[in-house]
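Trainee: Input: one structure, supplied below.
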Amino acid sequence: MTSTPSGDSPGTHVDPELTGDDHSAAAIVVVSILCFGGLVASLMQTLIIPIQPEIPRLLNTSISNASWIITATLLGAAVAMPIAGRLGDILGKQRVLLASAALLVVGSLVCALSSSLIPMIVGRTIQGLAMGFIPLGISLMREVTPPRLTSMAVAAMSATMGVGGAIGLPLSAWVAQQWDWRALFWGSAALAVVITVLVAVAVPHVDDSNGGHFDIVGAIGLALGLSGVLIGVSKGNDWGWDSGTTLGLMFGGLAILLIWGVFEVRHTDPLVDLRTTARPAVLFTNLAGIAIGFGMMAQAIVMPQLLEMPSAVGGLGQTLLAAGLWMAPGGLMMLVFAPVSGTLINKIGAKPTMAIGAGVLGLGYLGAFLLMNAPWQLALASLICSAGVGIGYAAMPTLIMSSVPMHEAGAAVGLNGLMRSIGTTTASAVMALVLTSSTITFGPAEVPSHSAFRWCFLIGAVAAFLGVAITLLIPVVRNKTAAAEVSADAEPVPTA
């Protein structure tokens, strides 16, 4: 299906075959395909965690070098989201969605055929680049859904970022135990092929390309700056936070990002419109995204470790697969609460909905702080945390898209995805630092103390409630006059 821009407002592009109320079934099919693609792309975050202890032996490398396989995926995702969003605004979102799905095929095949470290890192990086699928899918939703379904669709697509990561752990553990480790990548390649075909055949190519030139210098600058900062944060615990390498990468990356920001402000067709990004509605939403992203990843890191730690030292003595199964309902909870979030957005607005989500996330961490003596207790806390993430994640893109012109929606949602990635990467570093700062001896190894886990849960609660406070600072645009201030060609902005 191909459609032309609607004449209702400049810069607005919709598919009349899907956005009419009498075409809800067709729109739901498209939304389901996009959500499935987002789910598979986000699965790549936790795909290899079950086999991580075996990677040094499988690839004949060191433990330190093997950790790059996870870091590479995080970096690829962080860089891809704003870049893919901008390419979608320029070239059309369906085309770039198709390219993202194809990248997932290529990356999975490279990993499946790899027998050494470097090809595996390359493949995992390419898999990370496929995460651009999610912000593109989110920004496409309002062009291919009836208005009454848009909030639900955006909520469901947003939730896939958390759901995929959560269910990936038990699913990957099961596949790795039943078959060879390469089956993980052959399976992801097969799923990626299915997604590629479905996007090519069933997702409409809406005429939403806005033209312009892709800012190659800006993309390179963003990639270099983000890589420096995120590698420094990710590897700080391994290298030492005061080592020259860590500090050099972090401060060097920040310096590059500062220069990049000056360049982008002066550029006539920037990769990211920083003036739009600096508007309070967008800025505070992105800052809240960092806090909520931190909260999502903190529980995904800390709870499995506590579940798997031997009971002799205060852990819960679960196997890897059992720990994954205890955590899996939390991932499903994110998906269950996505339509709840959509309903709340329609009833009370996106801003209070996001504040509610962050508040529920904080309550989940407080529950974990108080109840951490049995697997079912942690599973219950995980359910509460995941419900909060499902509600909060779903509201964020709605706030972003209601505050930017339509022709910048892809880049703006992609940048919001980057902010969430910064939150998750920071959480990984902070939780690792806390867990290694207070340890007890267990045989030849050092394991985190019970108090270290309590501190992690408390820090997660503080991050979530900080997200509530930031969300409450987001200004609300209430009418067309205010909406016109966003951009001369912006569409009417709904109350958030």
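The values are calculated or read from the model by the stated rules, or taken from the named source; none is laboratory data. On a predicted model such as this, the values are computed, not experimentally measured, just so you know. Please note: Cβ atoms are built from the backbone with ideal geometry, for glycine as well, and neighbour counts cover all protein chains shown. SASA here: full protein model, heavy atoms, side chains in, ligands and nucleic acids out. Shrake-Rupley method; radii C 1.70, N 1.55, O 1.52, S 1.80 Å.
Trainee: At what distance in angstrom do the alpha carbon centres of region 315-347 and region 285-300 lie from each other?
Mentor: After rounding, the separation between the Cα centres reads 16 Å.
Trainee: Report, in deg cm²/dmol and to the nearest 500, the calculated mean residue ellipticity at 222 nm for the chain, where each DSSP H run with n ≥ 4 adds -39500 (n - 2.57) and the sum is divided by the residue count. Display every interim value, and only then the final one.
Mentor: On the way: 20 runs with 367 residues, N = 496.
For the chain, the value works out to -25000 deg cm²/dmol.
Trainee: Tell me which residues come under 5 Å, amide H to amide H, from Gln45 once H is placed; ignore anything under 5 positions away on its chain.
Mentor: Under 5 Å from the amide H of Gln45: no residue qualifies.
Trainee: Let me ask something additional. Using amide H atoms built in the peptide plane, which far-off residues or other-chain residues are under 5 Å from Thr439 H to H?
Mentor: Excluding prolines and chain starts, which carry no amide H, the hits are Ser449.
Trainee: What angle do you read, to the nearest 10 degrees and between 0 and 90, between the alpha-carbon axis of helix 68-91 and the longest principal axis of the chain?
Mentor: For 68-91 against the chain, the angle is about 0 degrees.
Trainee: Quick one: Karplus J couplings for region 196-206, per residue in order, coefficients 6.51, -1.76, 1.60, θ = phi - 60°, nearest Hz, x for Gly and Pro?
Mentor: Rounded to whole hertz, the list is 4, 5, 5, 5, 5, 8, 10, 8, x, 8, 6.
Trainee: Explain nothing, just compute: Karplus ³J(HN,Hα) = 6.51 cos²θ - 1.76 cosθ + 1.60, θ = phi - 60°, for every residue of region 322-337 in order, whole Hz, x for Gly and Pro.
Mentor: 5, 4, x, 5, 5, 7, 4, x, x, x, 5, 4, 4, 5, 4, 8
Trainee: Using the Cβ atoms and a cut-off under 13 Å, what net charge is assigned to the surroundings of Ile216, where Lys and Arg are +1 and Asp and Glu are -1?
Mentor: Values: positive: Arg86; negative: Asp215, Glu264, Asp269.
Here the count lands on -2.
Trainee: When the accessible area of region 16-174 is split by element with a 1.4 Å probe, what percent falls to carbon and sulfur?
Mentor: On the way: 3530 of 4890 Å².
So the carbon and sulfur contribution to the accessible surface is 72 percent.
Trainee: Roll a 1.4 Å probe over the protein chains and send me the accessible area per residue for region 136-290 in Å².
Mentor: For region 136-290, the solvent-accessible area averages 41 Å² per residue.
Trainee: Something else now. Farthest toward the dipole's positive end in the chain, which of Leu149, Gly38, Leu344, given Cβ charges of +1 (Lys, Arg) and -1 (Asp, Glu) about the Cα centre?
Mentor: Checking the options against the dipole of the chain, the answer is Leu344.
Trainee: Under the rule of at least 5 residues apart or a separate chain, name every residue whose amide H is placed under 5 Å from the amide H of Val206.
Mentor: Gln94
Trainee: How large is log10 of I(q)/I(0) for region 236-393 at q = 0.08, 0.18, 0.20 Å⁻¹ when the intensity is taken from the Debye formula with one equal scatterer per alpha-carbon?
Mentor: -0.36, -1.05, -1.11
Trainee: What is the diffusion coefficient of region 28-144 in µm²/s, taking the Kirkwood radius over Cα pairs and the Stokes-Einstein relation at 25 °C with a viscosity of 0.890 mPa s? Show your work: numbers first, answer last.
Mentor: Values: Rh = 14.6 Å.
Rounded to a whole number, D works out at 168 µm²/s.
Trainee: A follow-up question, please. Relative to the longest principal axis of the chain, what angle (0 to 90°, nearest 10) does the C-alpha long axis of helix 375-401 take?
Mentor: For 375-401 against the chain, the angle is about 30 degrees.
Trainee: Taking 10 °C and 1.306 mPa s as the conditions, I'd like the Stokes-Einstein D for the chain in µm²/s, using the Kirkwood hydrodynamic radius from alpha carbon pairs.
Mentor: Numbers: Rh = 22.6 Å.
Stokes-Einstein gives a translational diffusion coefficient of 70 µm²/s.
Trainee: Report, in whole Å, the centroid distance computed from the Cα atoms of region 90-153 and region 204-276.
Mentor: The distance from the Cα centre of region 90-153 to that of region 204-276 comes to 20 Å.
Trainee: Where does helix 244-266 land angle-wise versus the long Cα axis of the chain, in degrees 0 to 90, nearest 10?
Mentor: Once rounded, one gets 0 degrees.
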